[in-house]
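First up is the structure itself, then whatever we jot down about it.
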Amino acid sequence: RARDTGVETLPLPPSGPGLAFIAYPRAVTLMPVAPLWAALFFFMLLLLGLDSQGGMYVFQLFDYYSASGTTLLWQAFWECVVVAWVYGADRFMDDVACMIGYRPCPWMKWCWSFFTPLVCMGIFIFNVVYYKPLVYNNTYVYPWWGEAMGWGFALSSMLCVPLHLLGCLLRAKGTVAERWQHLTQPIWGLHHLEYRAQDSDVRGLTTLTPVSESSKVVVVESVM
């Protein structure tokens, strides 16, 4: 014989909408501060629906636009331009020689300067010309505002380099040529100037002499 505890028992459906919209709300009304728990419960259901449905749509937009090959090709193009034409391919070759003990193959310089940026920009233009709107699960076509959101994701990373360059040019002083020369001139710190290569043609075993007051000598040996 069941003991009467004075607490109303609720028959719970095994699953389905009745469990979320009938049994649970009725149980919440028996709790202290029922309106607060009811609001939190339905807010949880709202977040659950957004995560299971809208979250997949937003993730698909982010993956298709912001993390796509088009965005990566754009970033790779500007990286090659900055390294090879702003910082200087020869200067970068010298830096690599100081780190590994010998100068890389000259073919690498031609790749940084010409082949890689041209290939990246060519594929980028091809993707833009033959662009197709995103279709989710081969059935759902995103509306115009979804496409705009996707391109907003992509442009948030693609415009960082050109906008930063434009901002630096506007803040600099002098003519356009003087501003460009000033901005593209490397600023060497003490950690850059501590050592310099004695011979520009570094091969195999290279001795690097400090330019500071110290007289110590650092020997760099190639491991390749």
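The values are calculated or read from the model by the stated rules, or taken from the named source; none is laboratory data. Everything numeric in this text was worked out from a predicted model, so none of it was measured. All Cβ positions, even for glycine, are placed from backbone atoms using ideal geometry, and neighbour counts span all protein chains on display. Keep in mind that these areas ignore ligands, DNA and RNA; they rest on the heavy atoms of the full protein, side chains included. Shrake-Rupley method; radii C 1.70, N 1.55, O 1.52, S 1.80 Å.
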Practice problem: Starting from the Cα of Leu45, step 7 Å along the direction of its Cβ; do the same at Ala67; then give the gap between the two resulting points in nm. | Solution: 3.2
Quiz item: FRET efficiency for Ala38 and Leu155, Cβ-Cβ distance as r, R0 = 45 Å, nearest 0.05?
Solution: 0.60
Practice problem: Go through Leu118, Leu166, Leu159 and list them by solvent-accessible area, largest first, probe radius 1.4 Å. | Solution: Leu118, Leu166, Leu159
Exercise. Heavy atoms only, probe 1.4 angstrom, no DNA, RNA or ligands counted: give me Thr71, Thr139 ranked by accessible area, highest first.
Key: Thr139, Thr71
Exercise. Leaving ligands, DNA and RNA out of it, rank Trp78, Trp151 by accessible area with a 1.4 Å probe, largest first.
Key: Trp151, Trp78
Self-check item: Debye intensity ratio in log₁₀ form over the Cα atoms of segment 89-140, taken at each q of 0.18 Å⁻¹
Solution: -0.68
Quiz item: Any idea of Ile22's accessible area? Nearest 10 Å², probe 1.4 Å.
Solution: 120
Quiz item: To the nearest 0.05, what FRET efficiency results for Leu165 and Val58 with a Förster distance of 22 Å applied to their C-beta separation?
Solution: 0.10
